[in-house]
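This report refers to the structure that appears directly beneath it.
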Amino acid sequence: MHVRRLFVALALAGLAAGITQVPAHAESGETTRVIVQVDHISDKQQVLDNIDQGNAEQNRTYRSFPLLALDADKAALAELAADPNVVSIQPDKVGSPSLAESIPFIHADRVQQLGFTGAGQTVAILDTGIDRDHPFFGSRIVSEACYSSTDGSANEVSLCPNGTASQTGAGSADAETAQCLNGTANICRHGTHVAGIAAGAGTGVTGAPGNGVAPGANIIAIQIYHRSNVGCDGNAPCAQFYYSDFIAGMQRIYDLRNDFTIASANLSGGDDSNHTTTCDGSSTKASIDLLLSAGITTTISAGNESHPNGVGEPGCVSTAVTVGAIDADASGNEVDSPASYSNRGPLLDVFAPGTSIRASVPDDAWANLSGTSMAAPHVAGAIAGLRHAYPNATAATLLGYLRDTGVDITYATSPTTNATTPRIDLLAALQQGNNPPTIGADNGTVTVNEGTTANNAGGFSDPEGKTVALTASSGNVTNVGGGRWAWSSTTSDGPTQSRDVTITATDDKGETATTTFHLTVNNVAPSIGIAPGQPGTVAEGTSYGVQATYTDPGSLDTHSAKIEWGDGTTTTPAAAAGQVNGSHVYADNGNYTVKVTVTDDDGGTSSASFPVAVSNVAPAVTIDPAQVKTITEGSTLNAKASFVDPGSADTHTASIDWGFGAPTTGSLLMTTVTGSRAYGDNGSFTVGVKVTDDDGGTGTATFPVTVTNVAPTAVIDESGATVVNGVPTFIAHSGQPVSFKGRSTDPGSDDLALSWSFGATTNYLVNPPGTDPASSPSLQPRDVTDAKPHTFGSACNYDVGFTARDDDGGSSADSAKVVVQGNAHLTRIAPLWFLQTRAGLRIPPVDLPVSTVNCYLQVAQHMSPVLSEARDVSTMAKANAVLNIQLLNPKAEFDRQALTAWLNFADGSFDLGSRVDTNLDLRLDSTFGAVMAQAEAIRLNPASTSNQIRQQTLLLEKLNTLGF
């Protein structure tokens, strides 16, 4: 038999008064699904018995409702309409079906933390069944049933696991049956999602988005949907339900009211109608009212058709709790404005989160879904939580808590009309029926020193006699019994720990009462002590250490330290871990008072003092490593030393002992000592440098000095000599005295002995009449001139020596050339000198002695550059050869006359200054010396011609012949 899905209102003439809805008549042979309401439950059988002409078959029987769920044909409908016991005939309508953010948004998490999780309560979910082994539910599914009737065609399939229209017992609401699958998709996931929102428990469950609203509540799962393989707005297959199956599920819940404490029943479904006023004529109202009479609230989704001023059925039933959905922002966070899809209006009881709610779905999975279907179980779970807190409150009272404490959302229902509906706040609702605790403090102020324990006490109470939790904004508060509390706090840093302290009493509903008192923590200055064994003496310039300890009851204080050393110097060492360590170097000796001060960060300060005696340290002197230690007599020794004195504030004086005589004052530049002293005699000496500080401390260093002897000088005064061929020469005649002067200088203070080679010696004492001692460093340099005349007996060439000797063995000598001429008055011509130089027998007095001739030749060699360089006349034989006639050789003839002239000079007939006539005019126009110098220069000049040389030869011959 084919059953029609479309119902229309049918008005039949003569129908009994009070029948409000009549389905359109069916075609002949067809039946229609209707729900017939009778006056009383006892009238149901009579109404069935009154159907004579028509055909009617019961789909559901209800023990507790005056309802008949029938498949009736046209004739039966007419008979029912005429039956006076029938109140209404209504079509058996068809109805159609996110957590972590939504739970905190309605403060359900706070309620759960207070312990009101719905434990001991049960939430009934009338939906598409449930994933029975989903970890989100654990073992809290306490009952299952399935009411899934169909029209009997292949277009509709029962979703009861046993394939029949009804099933009860474990597994009967299983949402993972084959009938629920469309390929890999599950068309029955809706009920698992709704149940998770109402009562899922996520603790310890991998992937869980958090808890549902009442994670401690049990679940009754009732499958009321069937599988429809056609229609579904083009999305077949889908899950749909008949109102008759919903009513059967409500009957099941009512039957279980004594087996479980059922707080709420949830239907997240309905039709797409737009009711702007209550629909209390709905076939569903009797079941909703019956559960309400047993204290069970029915929550129903408002629908998702975006009606601004209406809701679907059965949400339009006045005794149902109709729930709309609020929106979420782009991040998935709830916002207090209606979701665009949510129906709303004056029939809406409350709003709840419904957009992008993540919760459980079959196959132990999770999904995000949106709709008023997600909003309704938030309220169902909330009622379970409130029932946990207020087990004796009526359903109306609990709903009043939710409505009265919600966040009002005002929205437009038309261009000119607004409505206001509260969004549930479970914590506020929980506290609506509660009386908060009271609390007071014995002392309004508490004052202590840091490092001590502050205490206070007071009383508290709860009007309802519930347990009260005590907390303190700081410190520790304890319930000491008898409605009394005690508070204590260890202080460690005053006055920074001064504060207001609030004691809070929180009852089991999370409501609080507070009392506040002021704590004043006084700072305590640190206590300081000098370490035992602290030394009381130190030498200047030596690091002196101070060790002090301190304690402070303010254990959180930070500290700074200062050490005043008594000499105007202050240091600020670190102060940590109760220790102050510092060191200082005293620049001068003396008696000082050391003061150690420690200050905490709150300004508390303490000091401790003790004396210290600083002793003087003498300076230490060091001779300069580059010090010269050997000098010569008469020179100056430069002494250099440095010193160090740890007493950096001392002043100093210096003296130098040179090893003789009185010490002298040394020059000071910073730490350098210098001085100089001349030594007048050779010897070995020890030089000492002494530095004395202003406190009398003395340091000395010495070094040896060797003064070496310097020989005296010996110089013959040649100022009266004639320079002959570059050699100063004294010239005199035999028997004529020659005056000599010899000068001697000596930087040493020495006795001098001056001697001449002709046998004269004179002593010159430095400090007559006594002789000079071995060491006499007094500075008396010598400068002595010794004048001695001497007469030479024979004409010759002499070397006169002059020697100076000091008393230390040092000596020097000098010599001078002396030419002694004879005293002849007549010159000899060359032949005569040729004979004088011959070898053989000598006949005096005609012949001169050989010794005389050799002396004359020495004089000639000394006086003549020609005879000493160009011609060798060093022997009589060589001289005889030169004096031999050589007319054909101009130079040889010149040399013959030149030697003759110089022999005449040696014999005394010519002096260098003897006047001579050079041009035979009987005028003496030159001197012998000048003529000889010119003639020999021409002879030695390589450029001279033979004629020039002959002219000079003739001039010399004239002088030798005439004598002038």
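So here's what we get for this one:
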item: Qualifying position, being more than 30 Å from Ala620 (Cβ to Cβ) and either buried (at least 17 other Cβ atoms within 10 Å of the Cβ) or not small (Gly, Ala, Ser) (or both), among Ala587, Ala548, Ala574; result: Ala548
item: Members of segment 702-741 that are under 30 Å from Val689 (Cβ atoms) and surrounded by fewer than 18 Cβ atoms within 10 Å (Cβ to Cβ); result: Thr702, Phe703, Pro704, Thr706, Thr708
item: Total residues in segment 322-344, condition crowded, with 20+ Cβ neighbours inside 10 Å and part of a loop (DSSP other than H, G, I, E, B); result: 4
item: Residue ranges of strands (runs of 3 or more DSSP E) in segment 751-817 with at least 2 members of a type in the set (Val, Ile, Thr) and surrounded by fewer than 16 Cβ atoms within 10 Å (Cβ to Cβ); result: 761-764, 782-791
item: Qualifying position, being of a type in the set (Ser, Thr, Tyr), assigned by TED's automatic domain parsing to the domain that holds Gln223 and modelled with pLDDT under 95, among Ser301, Ser268; result: Ser268
item: Strands (runs of 3 or more DSSP E) fully within segment 663-703 counting 3 or more residues that are of a type in the set (Val, Ile, Thr); result: 672-678, 683-693
item: Pick from segment 60-73, criterion surrounded by fewer than 21 Cβ atoms within 10 Å (Cβ to Cβ) and not β-branched (Val, Ile, Thr), ranking: farthest from Ala294 (Cα to Cα); result: Pro66
item: Segment 86-118 - residue that is in a loop (DSSP other than H, G, I, E, B) and more than 60 Å from the chain's Cα centre (by Cα) and, of those, modelled with the lowest pLDDT; result: Pro97
item: Per-region count, segment 449-500, residues part of a strand (DSSP E or B), under 16 Å from Ser555 (Cβ atoms) and of a type in the set (Gly, Ala, Ser); result: 2
item: Criterion: over 60 Å from the mean Cα position of the chain (by Cα) and not in a loop (DSSP other than H, G, I, E, B) - qualifying residue of Thr319, Thr298; result: Thr298
item: Residue match in segment 191-201 (condition: within 60 Å of the chain's Cα centre (by Cα), outside the structural domain of Asp73 (by TED's automatic domain parsing) and in a strand (DSSP E or B)); result: no
item: Cβ-Cβ under 8 Å pairs, at least 6 apart or on other chains, segment 447-473 side among the acidic types (Asp, Glu) and surrounded by fewer than 16 Cβ atoms within 10 Å (Cβ to Cβ), far side assigned to a strand (DSSP E or B) and modelled with pLDDT of 95 or more; result: none
item: Set Asp911, Asp917, Asp921: member being in the same structural domain as Gln886 (by TED's automatic domain parsing), of a type in the set (Asp, Glu) and either buried (at least 16 other Cβ atoms within 10 Å of the Cβ) or touching a Cys at 6+ places or on another chain (Cβ under 6 Å) (or both); result: Asp917
item: Sole residue being modelled with pLDDT of 95 or more and touching a helix residue (DSSP H, G or I) at 6+ places or on another chain (Cβ under 9 Å), chosen from Asp174, Asp133; result: Asp174
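So that you can scan it fast, the table gives a plain yes or no per residue for (1) out of contact with any strand residue (DSSP E or B) (no Cβ under 8 Å at 6 or more places or on another chain); (2) of a type in the set (A, V, I, L, M, F, W, C); (3) assigned by TED's automatic domain parsing to the domain that holds Leu912; (4) closer than 17 Å to Ala711 by Cα:
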position	(1), (2), (3), (4)
Asn767	yes, no, no, no
Pro773	yes, no, no, yes
Pro781	no, no, no, yes
Pro789	no, no, no, no
Gly793	yes, no, no, no
Tyr798	no, no, no, no
Asp806	no, no, no, yes
Asp814	no, no, no, yes
Lys817	no, no, no, no
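To keep it simple, each residue is scored yes or no on (1) under 20 Å from Gly963 (Cα atoms); (2) in a loop (DSSP other than H, G, I, E, B); (3) modelled with pLDDT under 95.
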{"site": "Val846", "(1), (2), (3)": "yes, yes, yes"}
{"site": "Cys855", "(1), (2), (3)": "no, no, no"}
{"site": "Val859", "(1), (2), (3)": "yes, no, no"}
{"site": "Glu869", "(1), (2), (3)": "no, no, yes"}
{"site": "Val873", "(1), (2), (3)": "no, yes, no"}
{"site": "Thr900", "(1), (2), (3)": "yes, no, no"}
{"site": "Asp911", "(1), (2), (3)": "yes, yes, no"}
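The values are calculated or read from the model by the stated rules, or taken from the named source; none is laboratory data. Quick caveat, the model's predicted, so the values are computed rather than measured. All Cβ positions, glycine included, derive from the backbone under ideal geometry; neighbour counts span all protein chains shown.
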